[in-house]
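Down below is the structure, laid out as structure tokens.
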Amino acid sequence: MNPLSSRLQSLSPSETFAMAQKSNELKAQGIDVINMSVGEPDFSTPTHIKEAAKKAIDNNFSFYSPVPGFPELRKAICTKLKNENNLDFDPAQIVVSSGAKQSLCNVILSIVDKGEEVIIPAPYWVSYPEMVKIAEGKPVFVYAGIGQNFKITAKQLEEAITPKTRALILCSPSNPTGSVYTREELKSLALVLAKYPDIYVISDEIYEHINYVGKHESIAQFQEIRERVIVVNGVSKGYAMTGWRIGWIAAPKWIASACGLLQGQYTSGASSISQKAAEAAYTGSQDCVEEMRVAFERRKNLITKLLREIPGLKVNDPEGAFYIFVECGSYLGKGRIETATDLAMYLLEQGHVACVGGDAFGAPGHIRFSYATSDENIEKAISRVKGALEKLRTSH
């Protein structure tokens, strides 16, 4: 008899964390590994944010926080949404959680029932389908390849909708592809969804501030579906605060209340100190955000140029986040390299560069590199990748 619940047995391990762990194991053996597998800014949290956390400790913010978050933080999030996104929310519509990952899971568990379908554009972030499985829902994948810049069309969306469809999960800027939906593209999706009043949109906008094409556009801006959009965001990427674990939702009040009820039973309020740091992030100077964005854009240009010099790879131009999703199909079937995951392992073992195979993201034949690392590391890593792939190409 298997002692684990059927719920747990249905889950797959995170391939991104698995590659990071293998990378760390090689590093422990003294091997110089460049880790381009994990989506984490390499910058330190800005000083004014850290100072706010220190002040919070000195002011004894060490007790339980309200389940949906401190009122001051929720008010700051509403102000941010109004000023940056022209979206009107009040604090009762905001729920702060221990990271955007928990925020996403809260929403899915609150609105998805057994057997209901959730449309997930592929390539997708590895945790989306697993979260739907936890809720006993059914992930429905809609694939968009490099030819359409990894973005689904309104026609594809409508063809995927059935009477069982409960939600669409949309991520822009995207992990793993770096693609960014334009206002016109989002409008076309919104017009399809307007025909189906029982379908909700979970809009993951965690990479909002890492955008190379201008103003961030949210699907929540369209009046036709505004009352059915749940915005998910947080401070981890744009403010280099991954370890602080603060994410949030902005949602219709009944969904926010449901998420608060759920969260109150299994984690309660997020870290009080981290919340005060997040408040400072939203209310303080935003210069740090732009400085990091500029650095990421420079790195994006560098890695795109270097990867395009490698024969057999197809590379588009990412428009946001800090990932590049490379088509590598010409290298599959060589030797023991049958899948993109095999190729990622080969690059780790032979080139000492950690990346992630596209199989984990619902896109076989691709690999994802994170360029949240220094220019020097990018140059060194892609040189190693080039050498390893040349060896693979000429030996078979």
Restrict the check to segment 2-9 and report whether at least one residue is open to solvent by less than 50 Å² (accessible area, probe 1.4 Å) and either within 23 Å of GLY357 (Cα to Cα) or assigned to a loop (DSSP other than H, G, I, E, B) (or both). no
I'd like the residue in segment 62-121 that is open to solvent by less than 60 Å² (accessible area, probe 1.4 Å) and among the basic types (Lys, Arg) and, out of all such residues, is farthest from ASN175 (Cα to Cα). ARG74
Only one of GLY178, GLY214 is open to solvent by 10 Å² or more (accessible area, probe 1.4 Å), part of a loop (DSSP other than H, G, I, E, B) and either at positive phi or of a type in the set (Gly, Ala, Ser) (or both). Can you tell me which? GLY214
Quick check on my filter: what residues within segment 170-185 are over 14 Å from the mean Cα position of the chain (by Cα) and not polar (S, T, N, Q)? TYR181, ARG183, GLU184, GLU185
Tell me whether segment 307-317 contains one or more residues that are open to solvent by less than 50 Å² (accessible area, probe 1.4 Å), over 24 Å from the mean Cα position of the chain (by Cα) and small (Gly, Ala, Ser). yes
Consider GLU349 against the criteria (1) open to solvent by 10 Å² or more (accessible area, probe 1.4 Å); (2) in a loop (DSSP other than H, G, I, E, B): it satisfies all of them except one. Which criterion is unmet? (2)
Reported set for segment 244-261 where residues are at negative phi, buried (at least 18 other Cβ atoms within 10 Å of the Cβ) and in contact with a helix residue (DSSP H, G or I) (Cβ under 8 Å, 6 or more places away or on another chain) is TRP244, ILE246, GLY247, TRP248, ILE249, ALA250, ALA251, ILE255, ALA256, ALA258, CYS259
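Okay, residues lined up against (1) over 27 Å from GLY365 (Cβ atoms); (2) in contact with a helix residue (DSSP H, G or I) (Cβ under 8 Å, 6 or more places away or on another chain):
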position: GLY99; (1), (2): yes, no
position: ASP113; (1), (2): yes, no
position: ILE119; (1), (2): no, yes
position: GLN148; (1), (2): no, no
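Give the residues of segment 109-133 that are more than 24 Å from GLY358 (Cα to Cα) and either β-branched (Val, Ile, Thr) or not in a helix (DSSP H, G or I) (or both), sorted by residue number. First the steps, then the outcome.
Step one: of segment 109-133, the residues more than 24 Å from GLY358 (Cα to Cα) are 109-116.
Result: ILE111, VAL112, ASP113, LYS114, GLY115, GLU116.
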Residue satisfying all of: in segment 217-231; touching a Lys or Arg at 6+ places or on another chain (Cβ under 8 Å) and part of a loop (DSSP other than H, G, I, E, B); most open to solvent (accessible area, probe 1.4 Å) among these: GLU217
Long-range neighbours under 9 Å by Cβ, at least six apart or interchain, first residue closer than 15 Å to ILE202 by Cα within segment 160-181, second open to solvent by less than 10 Å² (accessible area, probe 1.4 Å) and among the basic types (Lys, Arg): ASN175/ARG368
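The values are calculated or read from the model by the stated rules, or taken from the named source; none is laboratory data. Please read these numbers as outputs of a predicted model, since none were measured by experiment. Don't worry about glycine lacking a Cβ; one is built from the backbone with ideal geometry, like all the others, and counts go over all protein chains shown. Each accessible area value is taken on the protein alone, full model and side chains, heavy atoms only, with ligands, DNA and RNA left out. Shrake-Rupley method; radii C 1.70, N 1.55, O 1.52, S 1.80 Å.
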